[in-house]
Amino acid sequence: TVSSFAPGNGSITSNLKALMKVSQRELRQLPEYRNDALIAIKAPGGTTLEVPDPEEGMEQGKKRYQIYLNSPSKEAGSIDV
C-alpha cells in the first residue's frame, strides 16, 4: 500500500497516490496496448483476481471471458472497475 512508504505523513502519501494514476490516453499511447481491451481496477490490498480458462466448459471454438474479484472484507473498501 502507498501508506507503507510514508507512515504518518499524509502529505507524502497523498502525493504518491496522485503520481500513481494512469489515464486511458496514456495507456493507449503505448504500442503494447494500442489495440487491446483494457480494464482498470482500483481495489484494496489483499483483493484477489481470478481469470478462469475461457475455453473451459465451452463448445469447440467458443470462448467465455470472465473475471472474479474478491475483496478481503467489506471493511477493507470497495472495488472499482
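Annotations for the structure displayed:
- One residue stands out in the range 1-12 among those that are part of a helix (DSSP H, G or I) and loosely packed, with under 10 Cβ neighbours inside 10 Å: the one that is modelled with the highest pLDDT, namely S11.
- Selected residue (only one of G45, G61, G57 is part of a loop (DSSP other than H, G, I, E, B) and in contact (Cβ under 8 Å) with a residue 24 or more places away in the chain): G45
- Top-ranked residue in the range 13-65 [being more than 30 Å from A76 (Cα to Cα) and surrounded by 12 or more Cβ atoms within 10 Å (Cβ to Cβ); ranked as modelled with the highest pLDDT]: E55
- Of the criteria (1) surrounded by 11 or more Cβ atoms within 10 Å (Cβ to Cβ); (2) at pLDDT 90 or above; (3) under 12 Å from the mean Cα position of the chain (by Cα), which one Y68 fails: (1)
- Residue, modelled with the highest pLDDT, within the range 71-81, restricted to residues that are open to solvent by 100 Å² or more (accessible area, probe 1.4 Å) and in a helix (DSSP H, G or I): E75
The values are calculated or read from the model by the stated rules, or taken from the named source; none is laboratory data. Remember, predicted model here, so these are calculated numbers, not experimental data. With ideal geometry, Cβ positions are generated from the backbone for all residues, glycine too; neighbour counts draw on all protein chains shown. The accessibility values were calculated without ligands, DNA or RNA, using every heavy atom of the protein model including side chains. Shrake-Rupley method; radii C 1.70, N 1.55, O 1.52, S 1.80 Å.
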